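Visitor: Below is one structure. I have some questions about it.
What follows is calculated from the coordinates using simple rules that are stated; it is not laboratory data. Since this is a predicted model, take the numbers as computed values, not measurements. Cβ: placed from backbone, ideal geometry, glycine included. Neighbour counts: every protein chain shown.
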Amino acid sequence: MNETNDNSQNSDARKDRAAEIANTFEWLITAFILAFVFRAFVMEAFRIPTGSMADTLKGAHFRLRCPQCGYPYDYGFVPGSYGYSEDYIPVNANLRRFPSRCPSCGFYQATGGTMPVSNGDRILVLKCIYQFMEPRRWDVIVFKNPLDPRINYIKRLVALPDETIEIIDGDVYINNEIQRKPPKVQEELWMVVYDNDYQPARPLEGSFNGHTWKQPFANADGGLWLDDPNHPILFHLDAPVDRLNRLVYDASVGNDFTAAYAYNSVRDYTARPYCSDLMVRYDVLPRAAEGVVGAALTKYGIEYRAMVDFSGRMRLVRLDNDGETLLAEKSIRAVRCDGRPLRFRFANVDHRLVMEFAGDELAFDMGLSADAAGPRRPSIRPRAEILGAGRLTLLHVAIFRDIHYTGSKYGSGPDGGRAIEGEPFTLEADQFFVLGDNSPNSEDARWWSEPGLANRGQTYRMGVVPRDYLVGKALFVYWPGGFKPFPSARFAAVPNVGQMRFIYGGSRNAD
């Protein structure tokens, strides 16, 4: 009787184990199916292969830091330059660097030294989103390359179906109106021209844009600004409140305002056009109750000033041959001299003037047409100045430029692309137009020279992304180029947490 019961219990136990194994396999199969469905229809991970979207998204690159001023920047890795096949990334190999230039102090790094290559950004792409909502201008999208649909491309979407696009002096115009970038996209696209917080350690070396380093900000018209030899990142002013003092950025001494990228070869710097959409930023520390701070930016030879009077007034003015014209003004709280620095920013971007000061904003819309900012004279170098009166100190002084979509593939040569100035390009139904953020080094819709491939021997129109080839919207950089835990490690297994970020695109109020 006991033996019969034992056999029955063993049989039940075997059945239970079999049921558990079957349930485990069922769970694994279900998880696999869900993962497959999620990857195929919801979200998928991609690796950025090239630098066509730098610095927004980086392909394989060298992670550099200027040996003079310490400014961090990245330089693109091009496999063909080292004899490797396209999209090959060497593992655990130190390679000779090509010359590069610091985007802040202008120091040229020679070819000496070797270093490892950092992997390209790895991103999450929201797939099938465009099955439920229309793509928006400025989205960063993944799509099948029309010339080779086996390959995925990533670019920024700038023109939608049935629109006419024209790139004029670096800006995108749709149906003859300039297209302004949403605030978060604009913040992502500012590129440094000079940051005064990064001072060279050996300024007498003659490799700063071909000369020894010199502070690019200098007094004009007998201005009284003083730099502090003990704290060179500061500028002091001790002047009468009724006298405006000008501190002018000398682009012949510091980095110029051309559309050059530190990410690209220094050979690409030659003959780049000027970018006249600029921003001046600094913190001001008032040392008296009365005073004035501001900045001036020129575009096409016309000067625009943003001024803050400590008594409580913000003003935007234009200075041209007709004199001074008040464009906008606003009353604010009087500036308090309490030892706290106040942030000031002034930008002239996309035909819009925007001044920010201590949380207050004043803006002026110059208009949407190509001539709204005055007769276009892109060959005139823009100018940036800091203005002030009274007793005050400035810190964190910097100048930035906007993205500038180039109309020529090689510098200022004659090889114009699609949708450049004077050659507007009209899209048809279900056609989209894309550009790379690294405009001088991007194979995008401007340059495609063959029709897109389709099924059954059909073709798509040259220079467009068909709706059928949209894959999804880039959402998040989940694994930027990481760090190796020790020099001999094979993989960069330590995440670069500080560079994990959302990828901003279009918004409902983008246009």
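Visitor: Give a residue-ordered list of calculated ³J(HN,Hα) values for segment 342-356 (Karplus: 6.51 cos²θ - 1.76 cosθ + 1.60, θ = phi - 60°; whole Hz; x for Gly, Pro).
Guide: Residue by residue, segment 342-356 yields 10, 7, 10, 9, 9, 10, 10, 9, 6, 6, 9, 9, 9, 10, 10 Hz.
Visitor: Arrange S442, S379, S104 by Cβ neighbour counts within 10 Å, fewest through most, would you?
Guide: S379, S442, S104
Visitor: Can you compute the modelled spin-label distance between L395 and A454, with each label point 7 Å from Cα toward Cβ, in nm?
Guide: About 6.2 nm, to one decimal.
Visitor: To make sure I understand, if each residue's beta carbon is the centre and we count other beta carbons within 10 Å, what order do T426, T111 fall in, fewest to most?
Guide: So the residues, fewest neighbours to most, are T111, T426.
Visitor: Could I ask something else about it? Can you give the extra length, in nm with one decimal, that the chain gains between L126 and H211 once fully stretched, where that is 0.36 nm per residue apart less the Cα-Cα distance?
Guide: Extra length from L126 to H211 when fully extended: 25.8 nm.
Visitor: With a Förster radius of 30 Å, plug the Cβ-Cβ distance of N219 and R343 into 1/(1 + (r/R0)^6) and report the FRET value to the nearest 0.05.
Guide: For R0 = 30 Å, the calculated efficiency reads 0.80.
Visitor: Moving to a separate point now. Loop-only chymotrypsin sites (Phe, Trp or Tyr not before Pro) in segment 128-200, please: DSSP not H, G, I, E or B, and at most 13 other Cβ atoms within 10 Å.
Guide: F132
Visitor: Follow-up. What do you get for GluC sites (Glu not before Pro) in segment 263-336 restricted to DSSP loop and a cutoff of at most 15 other Cβ within 10 Å of the site's Cβ?
Guide: none
Visitor: In whole percent, what relative contact order does the chain give with Cα contacts below 8 Å and a gap of six or more residues?
Guide: Averaging sequence separation for qualifying contacts and normalising by length gives 21 percent for the chain.
Visitor: Please work out the FRET efficiency for the pair S252 and N496, using the Cβ-Cβ distance as r and a Förster radius of 45 Å; give the result to the nearest 0.05.
Guide: Plugging the Cβ-Cβ distance into 1/(1 + (r/R0)^6) gives 0.80.
Visitor: With runs of 4+ DSSP H residues as the only contributors, calculate the mean residue ellipticity of the chain at 222 nm using -39,500 (n - 2.57) per run, divided by the residue total and rounded to the nearest 500.
Guide: Estimated from H runs of four or more residues: -3000 deg cm²/dmol.
Visitor: Taking the Cβ of each residue in F502, F432, F62 as the centre, tally the other Cβ atoms inside 10 Å and list the residues starting with the fewest.
Guide: In order of increasing Cβ crowding within 10 Å: F502, F62, F432.
Visitor: With each label point set 7 Å from Cα along the Cα-Cβ vector, what nm distance links E187 and D371?
Guide: Between E187 and D371, the label points sit 3.7 nm apart.
Visitor: Would you pull out the residues with amide H under 5 Å of C69's amide H, same chain only if 5 or more places away, H placed 1.01 Å from N?
Guide: Placed amide hydrogens put A201 under 5 Å from C69.
Visitor: Hey, got a sec? Which trypsin sites (Lys or Arg not before Pro) in segment 142-250 land in a DSSP loop and have at most 16 other Cβ atoms within 10 Å?
Guide: K214, R243
Visitor: Out of residues 5 or more away from M43 or on other chains, whose amide H comes under 5 Å of its own, with H placed 1.01 Å from N in the peptide plane?
Guide: K127
Visitor: Another question about this same structure. Sort 228-234, 204-210 by the packing proxy (mean of other Cβ within 10 Å over each peptide's residues), most packed first.
Guide: So the order, starting with the most tightly packed, is 204-210, 228-234.
Visitor: Rounded to the nearest 0.05, what FRET efficiency do H231 and N92 give with R0 = 41 Å and r taken as the Cβ-Cβ distance? Could you check?
Guide: Once rounded, the FRET efficiency stands at 0.45.
Visitor: Cross-chain or 8 or more residues apart, Cα under 23 Å: how many lysine pairs in the chain fit that? Count them up, please.
Guide: 22
Visitor: Something else: What nm value, rounded to one decimal, do you get for the distance between K409 and T270 when each label is placed 7 Å out toward the C-beta?
Guide: 1.8
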